[in-house]
Amino acid sequence: MLKVENLESGYGPMQVLWQPSLEVKRGSITSLLGPNGVGKTTTLSTILGAVVPWGGKITYEGEDVTHLPTHKKVARGIVLVPEGRHLFVSMSTHENLTMGAYPREAAKHMAESLELAYSLFPILKERAKQRAGSLSGGEQQMLTIARALMTKPKLIMLDEPSQGLAPILVTQVFDTIKKMKAEIGLTILLVEQNVEASLSISDYVYIMHEGRIKAEGSAEKIKRSHDIREAYLGI
Ligand SMILES: Nc1ncnc2c1ncn2[C@@H]1O[C@H](COP(=O)(O)OP(=O)(O)O)[C@@H](O)[C@H]1O
Ligand SMILES: [Mg+2]
């Protein structure tokens, strides 16, 4: 569904991505793992076009989208849930969700998307009228993900969704990611520092270091390979 080849980008004069290549198969959970500062967020931002690609090629659903503007990528079904929770804290849960349906096509399917979001996240239905700022950390993360679903994505990119959450909530977030794949057939590109939890739900895994892909394979293979885990993940 998504193919990234020899991607290069950075900030000002500083190159961050040194030609990583990766592929996300339709209906899969593909993870991009690695320690802090290796270029994971930059990879997602460059795929979306928020950071301009300097070189390489991005193919989505068979089409070259390397230089397509971000809003057009969103309209075609790519969405990014960025690090942290960027909610409208003084608006209600419900309002945050409706604001998520901003692409024109998505707005037409508002009712259907709301139903889907509330069925995946029943707790958000209970909190529909509450201010987003008054929700717990875990609920806010659920809302951030649910709001991204309102764009009717086909490919959802999640940047460290478990960051800063208590262990029980981390489990909830990963369960939700599994459900998005199983129940709505979404394709997921997951960036995480939580290696164990990510390996447990992923189909395929890439390991990034200093802007390059240093290892890749099925989650099973990475789990079994002590060398890879020790060299790049410190576990
Ligand atoms: N907006 C930015 N401006 C300048 N440098 C940045 C910016 N964002 C990230 N960087 C730098 O790019 C490198 C990779 O960062 P990032 O992609 O955020 O890594 P990761 O997500 O793996 O932690 C780091 O050296 C970081 O300091
Ligand atoms: Mg990051």
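Bear in mind these aren't lab numbers, they're just calculated from the coordinates by the rules spelled out. Note that the structure is a prediction, hence the values are computed from the model and not measured. In this analysis, Cβ positions are derived from the backbone assuming ideal geometry, glycine residues included, and neighbour counts consider all displayed protein chains.
Computed quantities for the displayed model
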quantity	calculated
Overall form of the stretch 87-153 per C-alpha gyration tensor (a/c, 1.5; a/b vs b/c)	prolate
Computed lengthening from Arg224 to Lys3, 0.36 nm per intervening residue step minus Cα-Cα distance	77.0 nm
Relative counts (whole %) of C-alpha pair distances in the stretch 89-235, using bins that are 5 Å wide	2, 9, 18, 19, 18, 13, 9, 7, 4, 1, 0
Simple label model, 7 Å out from Cα along Cβ direction - Ala50 to Ser200, nm	2.8 nm
Within the chain, longest stretch free of exposed trypsin sites (Lys or Arg not before Pro) [DSSP loop, at most 15 other beta carbons within 10 Å]	130-235
Lys, Arg +1 and Asp, Glu -1 on Cβ, resulting dipole of the chain about Cα centre, debye, nearest 20	440 debye
Extension gain from Asn36 to Ala182, taking 0.36 nm per residue of separation minus the Cα-Cα distance	49.6 nm
Distance between modelled label sites at Arg104 and Thr70, nm, 7 Å Cα→Cβ extension	2.1 nm
Antiparallel bridge percentage (DSSP; both residues within the chain; nearest 5)	55 percent
Thr66 long-range amide H proximity, modeled H, under 5 Å	Ile58
Positive-end extreme of charge dipole, the chain - chosen from Pro122, Val173, Ser9 (charges on Cβ)	Pro122
Theoretical ellipticity at 222 nm over the chain - DSSP helices of four or more residues, -39500 (n - 2.57) apiece, nearest 500	-10500 deg cm²/dmol
Lys, Arg +1 and Asp, Glu -1 on Cβ, resulting dipole of the stretch 87-153 about Cα centre, debye, nearest 20	100 debye
